Amino acid sequence: MKKIRVAELFAGVGGFRIGLDRGTPETFETVWFNQWEPGKSDASQHAWNVYCKAFNINPLEARVASTNLDIANVSVKDIPDHDLLVGGFPCQDYSVARTLNQAMGLKGKKGVLWWEIYRIINEKGRKAPRFLMLENVDRLLKSPVAQRGRDFAIMLASLSEQGYAVEWRVINAADYGMPQRRRRTYILGYKKGTSQYAALKKDPLKWLLEDGVTPVAFPVASHGSIYTIELSGAEDIVRTFETKNGKTPFENAGVMIDRKVYTTRIEPSHKGKRALLKHIVLKEERVSEEFYIPKTKLAGWKLLKGGKKEKRKSKSGFEYDYSEGPMAFPDSLDKPSRTIVTGEGGSGPSRFKHVIETESGRYRRLMPIELERLNMFPDNHTAGASDNQRAFFMGNALVVGIVERLGKELANRVKDKGE
């Protein structure tokens with residue numbers, strides 16, 4: 001069987017590549033990647049630099065191959081043909097502003113990058129990738145606030161118009177024994193003409209709950225009612241899409257074929273071991289002193305971690321009641337960790353940074369190598385960047401173990417069919 005050629009978009013420091021290589025290293029070959037941080041100079045493209053170093057890529061050759069350009073400025077002709085397109089497309093901005101013909105726009109500098117995926121698929125034409133594996137935040141299914149679910153409906157309809165069947169699942173990595181409570185939406189697409197497309201079309205419900213790549217890789221314990229949705233064309237959805245009593249009609253799992261959606265809420269099934277925060281932390285003697293919190297600073301940390309009820313005033317002078325619940329302090333070592341955020345680095349007190357108590361009774365932040373472990377990256381994968389940058393990378397990254405299991409199951413299907 002020929003290797004599955006992979007193109008990795010919005011690559012960060014290479015989470016998709018690590019997961020695919022780790023699951024079935026003889027099956028996948030990354031033939032091209034792209035990573036670009038807007039507003040940064042060439043010298044400040046830190047994630048791209050880490051990627052090149054980690055995978056022994058010559059930076060000069062990589063620049064010539066358009067791997068470090070704004071994807072909007074990359075010609076599809078310069079992207080090698082590939083079988084599998086992967087990417088965790090940036091998720092900060094969502095809200096459909098215009099129709100497909102009027103720039104295909106998801107409003108916002110980063111939400112609009114969805115349409116770069118679409119552009120590549122569309123312009124590749126007959127050579128479009130046979131498979132897609134995409135990742136995003138779980139709130140993707142609820143965007144935008146004013147018309148919940150509309151943006152995801154447009155994505156599904158636009159993929160259908162390009163000849164893809166789709167399955168998706170919101171996966172919390174900790175539900176399947178991984179060390180971090182990180183919920184993300186994973187989307188797999190199968191081009192018409194593949195055996196996966198044919199199998200999904202033959203029995204969508206069986207694919208959704210039992211036979212699909214996702215339910216085999218991440219088994220289902222139970223599910224709720226199954227809802228069906230008939231999608232109109234992508235352009236029409238901007239105008240006609242209806243929510244379900246003001247809520248998104250999309251549940252945490254679903255499939256789509258020929259613009260018909262089947263969706264349900266599933267409960268995960270996991271019977272193996274569970275990784276906990278205590279399993280990944282370093283011994284005290286390996287921790288740099290700078291990561292310990294001085295006793296004189298603990299009060300500030302506790303204040304930020306505590307619950308609050310207070311009066312606040314907006315810039316316009318409007319006064320309102322503000323409240324937030326308490327955060328764990330210190331973080332429990334006997335559970336999977338909370339979700340890593342991009343602001344995890346730095347010594348300053350923060351509500352969201354992890355703090356653990358050591359065996360000697362001291363409090364400390366997590367080191368970059370521990371953050372890498374929570375995303376199941378190799379130790380010191382991001383070494384060479386600053387501690388703050390390394391924390392930022394991990395706050396943006398995915399849990400590699402999810403991609404590993406999805407990739408392994410996809411590879412088995414392709415191998416079995418000799419595709």
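What follows is calculated from the coordinates using simple rules that are stated; it is not laboratory data. Treat the numbers as computed from the prediction; the structure is a model and nothing was measured. Glycine also receives a Cβ, built like all others from the backbone with ideal geometry; neighbour counts cover every protein chain displayed.
Figures for the structure shown
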read-out: Antiparallel content of DSSP bridges confined to the chain, in %, to 5; value: 75 percent
read-out: Potential lengthening between SER360 and VAL76 on full extension [0.36 nm per residue; Cα-Cα distance subtracted]; value: 96.6 nm
read-out: GNM result for the chain, Cα springs below 10 Å: residue of TYR197, TYR292, TYR164 fluctuating most strongly; value: TYR292
read-out: Karplus 3J(HN,Hα) series, Hz, for the stretch 167-176 with 6.51 cos²θ - 1.76 cosθ + 1.60 (x for Gly, Pro); value: 10, 9, 7, 7, 10, 8, 4, 5, 5, 10
read-out: Gap separating the Cα centres of the stretch 318-361 and the stretch 195-249, nearest whole Å; value: 36 Å
read-out: Rh (Kirkwood; distinct C-alpha pairs) - the stretch 188-248, Å; value: 14.0 Å
read-out: Cα centroid separation - the stretch 1-46 against the stretch 252-297, whole Å; value: 22 Å
read-out: Hits among aspartates and glutamates - C-alpha to C-alpha of LYS297 under 16 Å, sequence gap 8 or more where chains match; value: GLU289, GLU357
read-out: Added length on full extension, which subtracts the Cα-Cα distance from 0.36 nm per residue, LYS302 to ASN58; value: 83.2 nm
read-out: GNM top mover of PHE16, PHE28, PHE55 - the chain, alpha-carbon springs below 10 Å; value: PHE55
read-out: Under 10 Å, Cβ to Cβ, from LEU208 - net charge with Lys/Arg +1 and Asp/Glu -1; value: -2
read-out: Ranked by how many other beta carbons lie within 10 Å on average, peptides 259-265, 312-318 from highest; value: 259-265, 312-318
read-out: Gain upon complete extension [GLU419, GLU26; 0.36 nm per residue less C-alpha separation]; value: 140.0 nm
read-out: Ordering of 214-227, 56-69, 364-377 by packing [mean C-beta count within 10 Å, highest first]; value: 364-377, 214-227, 56-69
read-out: Ellipsoid semi-axes in whole angstrom, largest first, where each is sqrt(5λ) of the Cα gyration tensor of the chain; value: 35, 26, 23
read-out: Ratio of Rg to Rh over the stretch 324-403 (Cα coordinates, Kirkwood Rh, two decimals); value: 0.96
read-out: Reference-scaled alpha-carbon Rg (2.2 N^0.38 Å with N residues) for the stretch 239-397; value: 1.37
